[in-house]
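The values are calculated or read from the model by the stated rules, or taken from the named source; none is laboratory data. Keep in mind that what you see is a predicted model, and the values were worked out from it rather than measured. Glycine also receives a Cβ, built like all others from the backbone with ideal geometry; neighbour counts cover every protein chain displayed. Note: accessible area is taken over every heavy atom of the protein model, side chains too, but ligands, DNA and RNA are not part of it. Shrake-Rupley method; radii C 1.70, N 1.55, O 1.52, S 1.80 Å.
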Amino acid sequence: MARGAPLPDRPTSREFRRLTDLLRFVAPYRLRVVGGTLALMVSASTVLALGSGMRYLVDRGFGLGDPHILDQTVLALFCVTVIMAISTYARFYFVTWVGERVVADIRKAVFDHIVSLSPGFFEVTRTGEVISRLTTDTTLLQTVVGSSASIALRNTLMMVGATVMLFITSPKLTGLVFLVVPFVVAPIIIYGRKVRVLSRLSQDKIAEVSADASESLYGIRTVQAFAHEVEERKRFGARVEESFDAATARVRARAFLTGLVILLIFGAISIVLWIGGADVLAGSISAGQLSAFVFYAIVVAGSLGAITEVVGDLQRAAGAMERIIELLNTRPIITAPALPKHLPQPLTGRIKFDHVTFYYPSRPETKALDDFNLEIAPGETVAIVGPSGAGKTTVMQLLMRFYDPDQGGISVDGIDVRDVVPEALRETMGLVPQDPVIFSSSAAENIRYGKPDAEDAAIRKAADAAHATEFLDRLPQGFDTHLGERGVRLSGGQRQRIAIARAVLRNPVLLLLDEATSALDAESEQLVQAALDKLMVGRTTLVIAHRLATVLKADRIVVLDKGRIDAIGTHAELIRQGGLYARLAELQFDQPAGAKPEAAA
């Protein structure tokens, strides 16, 4: 799939019933919904009451010329207006509060679910697309719950009520109105389908803009390093223009639909008014009846127009809700078992890979590991080396149960990792990745990520062990210094030492080092390696390395090639055996393959 292409898993929603999925989020606040609904009904009723008041005012107040009746009627209309104002305030408050609360709950539910999804999900889904669902789509739902739904319901009630009052006021004129209704409604329904399609297209284009912007900003250093700013501006500008064109087409269609509604409805009212005026002159109905009929007809027309206005919002929200529910219904590949087992306490750290074969979801045709067998004794340090793409990191990801093997099994202290709650399994591990993630918070909070309840003294001790204190104390606010998004204020080596401090603070039984010293200079590497050597004592340690100099002290070295084990042994044994490891050593140490390990070191 080309970069910036939309995901194919977003079907268009053509049914408002998708909005019923909102009910489970609205249900906890049913009392406020009831309050808002009652206020809405009172508000709609007061509008309808104005029509009867107008009829009374014209026929009795003006017709009889009685100032007393005029005063009473105007006072009654004012009281109705006060009730309308109070009920409108209550409706607006309750409905808006529920809208904000429901969307906040949806955002939390979506985020809570997203962080539980397996890494395989993010291999085939753009992060920017997910963020768009979390922000743009939920904002559309807020518009519906906090505004559009209330407007639609209020105007529906007023339209129904005004229609009933039309029949009561003049059945003849009402019959004439309903004769022209099919000619008014049919064009609206037909053209409304086009508006719905354009609304969804506009929504998808906005999601693409968000996804593209996220990719560019996440990789801003690469963009600038390759002087790619002009191309990125052009590409993003093209996306924005596509979004604008889609939005313009949607707005044009909605504007035409609105104008069509006004033309058809008020054109029909004008014809009915002409006929009604003739009836007044003929004495068939009173002027007050005609005034009330016109008022109710305008209410019906205005309500229908308002409903047409919010139909677009409801259509877009239906699509947004469908995509959010689709995301919430995406089940994580890695889940806790129905009857989980508990790891032994204390954990010794014995690891066994038993005939493991694995394919990545994004590369189902290529074996990342092929019949991989390895047993690691408690407290043993095992290094995995090999060329890029050999499957080294895959071994570690399977052990952490980011994925499950397609064949074979993995056990810790004799317990299959699939029988353990994933969080409980990972709590026994401390990871130092090749590309550590630094969060947008203080240095202390980044280290505390390894153990959320750790005290400041423990954090400083962990930083000391990782040789991070020396540069952290030089920061403007020391350990409380904000490190910027993705640790932009730190060098690569400093970020690596923060990650090492996290692992030290966690005090894990299983230590996982994925090129843990790759970003350090020679002096820092010696210091950190000394700290890691001390940390590794008494722990089962799995080391992934490209540089062979970092694994010379490992108890065993596993050589991987194309997902299969090529050889296992110590550095000296593997050098004597020749083969892939000896060739790698010759290339890295710039010496004959038969050189002594001490010389290589």
Theoretical FRET efficiency, 1/(1+(r/R0)^6), r = Cβ-Cβ of THR222 and ASP245, R0 25 Å, to 0.05
0.25
Hey, can you find the accessible area per residue of segment 464-504 for me, probe 1.4 Å, expressed in square angstrom?
44 Å²
In whole Å, what are the extents of the chain along the principal axes defined by its C-alpha atoms, from largest to smallest?
120, 51, 47
How far is helix 30-56 tilted, in degrees, relative to the longest principal axis of the Cα atoms in the chain, given as a value from 0 to 90 rounded to the nearest 10?
20 degrees
So who's got an amide H within less than 5 Å of the one on SER441, skipping anything under 5 residues away but keeping other chains? H placed 1.01 Å off N, in plane.
LEU483, GLY484
So which lysines can LYS205 reach, going by Cα to Cα under 28 Å and dropping same-chain residues fewer than 8 places off?
LYS108, LYS194, LYS234
May I ask you to rank VAL356, VAL80 by accessible area, largest first, using a 1.4 Å probe over the protein chains only?
VAL80, VAL356
What is the set of long-range amide H partners of GLY408 at a cut-off below 5 Å, with H atoms built 1.01 Å from backbone N?
THR357
Grab the other residues whose beta carbon is less than 14 angstrom from that of MET396, score K and R as +1, D and E as -1, and report the net.
0
Interatomic Cα distance distribution for segment 121-171, bins of 10 angstrom, percent:
22, 24, 20, 16, 11, 7, 2
Give a residue-ordered list of calculated ³J(HN,Hα) values for segment 165-171 (Karplus: 6.51 cos²θ - 1.76 cosθ + 1.60, θ = phi - 60°; whole Hz; x for Gly, Pro).
5, 4, 4, 5, 6, 7, x
Just to verify a number: what accessible area does ASP204 come out at with the full protein assembly present, 1.4 Å probe, Å² rounded to tens?
40 Å²
Whole-angstrom Cα spans of segment 240-333 along principal axes, big to small
77, 32, 12
Protein accessible area in the chain, 1.4 Å probe - carbon and sulfur %
62 percent
Taking a crude spin-label model, label points 7 Å out from Cα along the C-beta direction, the PHE256 to ARG233 distance in nm is 3.6 nm
Tabulate in residue order the Karplus-calculated ³J(HN,Hα) for segment 436-452, using 6.51 cos²θ - 1.76 cosθ + 1.60 with θ = phi - 60°, rounded to whole Hz; enter x for Gly and Pro.
x, 8, 10, 8, 7, 7, 6, 4, 4, 5, 5, 6, 5, 4, x, 7, x
Would you mind checking which residues have amide H under 5 Å from LEU369's amide H? H placed 1.01 Å from N; only 5 or more apart, or other chain.
PHE358
So if each residue of separation counts as 0.36 nm, and I subtract the Cα-Cα distance between GLN526 and THR348, what length gain in nm does that give?
61.2 nm
Give me the three principal axis extents of segment 86-199 from the C-alpha atoms, as integers in angstrom, largest value leading.
68, 39, 15
So how do 408-415, 540-547 stack up, highest first, on mean other-Cβ count within 10 Å?
540-547, 408-415
Antiparallel DSSP beta bridges within the chain, percent to nearest 5:
55 percent
To the nearest 10 degrees, the tilt of helix 456-465 (Cα long axis) against the first principal axis of the alpha carbons of the chain is 40 degrees
Starting from the Cα of LEU587, step 7 Å along the direction of its Cβ; do the same at VAL160; then give the gap between the two resulting points in nm.
7.6 nm
Please give the helix 492-506 orientation as an angle from the longest Cα principal axis of the chain, in degrees from 0 to 90, rounded to the nearest 10.
90 degrees
At 1.002 mPa s and 20 °C, Stokes D of segment 470-567 from Kirkwood alpha-carbon radius, µm² per second:
142 µm²/s
